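Heads up: the structure comes next, in structure tokens.
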Amino acid sequence: MTAVTVAEGAGEAREENPWARAWRRLRRRKGAMVGLAVVVFLVAVAALAPWVAPYDPTATSWSAVRKAPSWAHWMGTDEVGRDVLSRIIWGARASLSAGLVSVGIALGIGVPLGLLAGYAGGWIDGVLSRIVDAMLAVPFLILAIALAAFLGPSLSNAMIAIGVTATPIFVRLTRGQTLAAKVEDYVEAARAVGNPHWRIALRHVLPNIVPPLLVQASLAIAGAIIAEAALSFLGLGQQPPAPSWGSMLNSAQRFLAQAPWMAFWPGFAIFVSVLSFNLLGDGLRDALDPRHK
Amino acid sequence: MLAFLTQRLLQVIPTLILVSMLIFGLQQLLPGDPALIMAGEERDPAVLEEIRQQYRLNEPIPVQYFYWVKGVLSGNLGESMRLKSSVASLVAEKLPVTLQLAAMAIVIALGIGIPAGIVSAVKKDTAWDYGANIFALWGISTPNFWLGILMIFLFSVTLAWLPASGYVRLGEDWRASLATTIMPAFVLGNAIAAILMRHTRSAMLQAMGADYVRTARAKGLVERRVVLKHALRNAMTPVITLGALEFGTLLSGAVLTEQIFTIPGFGKLIVDAVFNRDYAVVQGVVLVTASTYIALNLLADVAYVLVNPRLRG
């Protein structure tokens, strides 16, 4: 990361590491820090699910069907007597991994293609940009549903569908940033000393376009969590009896009058995780964007 | 202006061609024999052969694509396997329902989002601004299917004020129609209101700092007039054009909202088609959605140029 050159820092007497400066700015934003704390908490809960969940998330109990929240079952039980809290905790795994994996797919495909389009230009850029336009013409969830429908219902196919659907945003963002970075003096300098194109793109352009990608990635994780919940709600994601927040909401819909807690908690879990990634993303944008000093 | 329109229209053509390829290509993702999957429970070899003939599955993929596009261009979006009806007529039947929902959602979104954005910008860094920002974050982060379920719990199950599901056509009984659509329209409008609020806030902040607003103030105009007549009028252009792009959010939202409130619209059509493995309907609906979105984008661009004399060149 020492290769990162930020024009903004040039005027400062002592150059501060840009990441240290971003962290310092991020820490000043209460919303972002709350978001970060909740994200860390959720990741920890998901990782430690086997140890922190009070019950087996798939164990049914006919003597505990649709029991209201109590000391034994903090968030109540569902229509077949499964503990809602344990299912929420295990469901965090599906939701967070869907968020991370699908955004990982989108970054893994989108960033190299965006770098290629922006750096190479010409017909490569033309073709890639038209493909991106075409993909962006189909509303996000509708494309994800169509892809998931044709791939077949499963959590991994839902992740692929969401990841592929989120890719064009990253291609467009990377391309735009690359076009801007390409004309900077440090890229010109790298070219003048005879660096090959791939080295300029990877060593000089890429590190400098990481901040906007990081912001977009955190907001995209929020979108991917909602999309996974939506697909699971429709029966195209995580398959029962494995727990997922979206499918929990789907079955809760039938028991709204008798067991409203079944609908409240999974939705609240989606809301809190999406909100915290949005808060973190907004904070990162302010901290990493020089215009938001 | 004419040159701009021509150039913009020409740009749409390759996008439409690629969209059609993308949607047709979905079919290639089906594992195994597509005819067998399309037939569903039906295993009769004669039926399978009929499907193969109808979709030219024995021909090479480019030939299949050619005939598919040819059909689409003449208004034939395919045939629903389950409903035994043309996809075009299904779309024509369901679209007005979703359009009613969408229109109501937009009215709600404009009614909440724009005033909230104005107040937030005018009263920047006050409790009003923080409140409006919290509302926007809530709107963006709340899954609409959860909000829908919560509203059903409150207004239908607990208070018994509104029906939990179903749909009555506007022409049939407008009161009943409004009662069946007000909750789903609010759910759809909520997320867009949040986005509109953010756009309005930033456009208003920019407008409030502009020279013409300073001049209006210097002339001694009352603040209310400065905000509503001078700043707002200029701030609305980007808001409306950016708002037009939220059509996609609206349609994505309609898929889930119609499912929750059992409204027989466009969104429910695609979900039912997915469950029934009625792939021609899925492709048809996605194609119509994408084409409408491209057309709206084009209109938004043209409108933007029309209201911005400087861009007409």
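Please treat every number below as a calculation from the coordinates, not as lab data. What you see is a predicted model, and the numbers here were worked out from it, not measured in a lab. Note that each Cβ is placed from the backbone with ideal geometry, even for glycine, and that neighbours are counted across all protein chains shown.
This table checks each residue for (1) within 22 Å of A:Ala49 (Cα to Cα); (2) not polar (S, T, N, Q).
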residue	(1), (2)
A:Pro212	no, yes
A:Ala222	yes, yes
A:Leu236	no, yes
A:Phe255	no, yes
A:Gln258	no, no
First in segment B:2-24 and away from every other protein chain (no Cβ under 11 Å), second anywhere and part of a helix (DSSP H, G or I) and of a type in the set (Asp, Glu), Cβ under 9 Å, 6 or more apart = B:Phe4/B:Asp301; B:Arg8/B:Asp301
Could you please give the count of residues in segment A:83-116 that are surrounded by fewer than 23 Cβ atoms within 10 Å (Cβ to Cβ) and outside any helix (DSSP H, G or I)?
-> 0
Tell me, please, whether a residue that is basic (Lys, Arg), under 29 Å from A:Gly223 (Cα atoms) and either within 14 Å of chain A (Cβ to nearest Cβ) or assigned to a loop (DSSP other than H, G, I, E, B) (or both) can be found in segment B:188-198.
-> yes
Give the residues of segment B:135-179 that are of a type in the set (Phe, Trp, Tyr), surrounded by fewer than 15 Cβ atoms within 10 Å (Cβ to Cβ) and assigned to a loop (DSSP other than H, G, I, E, B), sorted by residue number.
-> B:Trp161
Any residue at all in segment B:235-246 that is of a type in the set (Ser, Thr, Tyr) and either in contact with a Cys (Cβ under 6 Å, 6 or more places away or on another chain) or surrounded by fewer than 18 Cβ atoms within 10 Å (Cβ to Cβ) (or both)?
-> yes
Of (1) touching a residue at least 40 places away in the same chain (Cβ under 8 Å); (2) under 30 Å from A:Phe255 (Cα atoms); (3) within 14 Å of chain A (Cβ to nearest Cβ), B:Asp272 satisfies every one except (1)
Looking at B:Arg43, is it free of Cβ contacts under 8 Å to residues at least 60 places away in the same chain, in a loop (DSSP other than H, G, I, E, B) and not polar (S, T, N, Q)?
-> yes
Mind listing whichever residues of segment A:117-159 are more than 22 Å from B:Leu298 (Cα to Cα), facing another protein chain (nearest Cβ under 7 Å) and in a loop (DSSP other than H, G, I, E, B)?
-> A:Gly152
For B:Ala290, are the conditions met, namely being within 10 Å of another protein chain (Cβ to nearest Cβ), touching a residue at least 40 places away in the same chain (Cβ under 8 Å) and buried (at least 19 other Cβ atoms within 10 Å of the Cβ)?
-> yes
Check whether at least one residue in segment A:58-81 is in a helix (DSSP H, G or I) and within 24 Å of the chain's Cα centre (by Cα), and report yes or no.
-> no
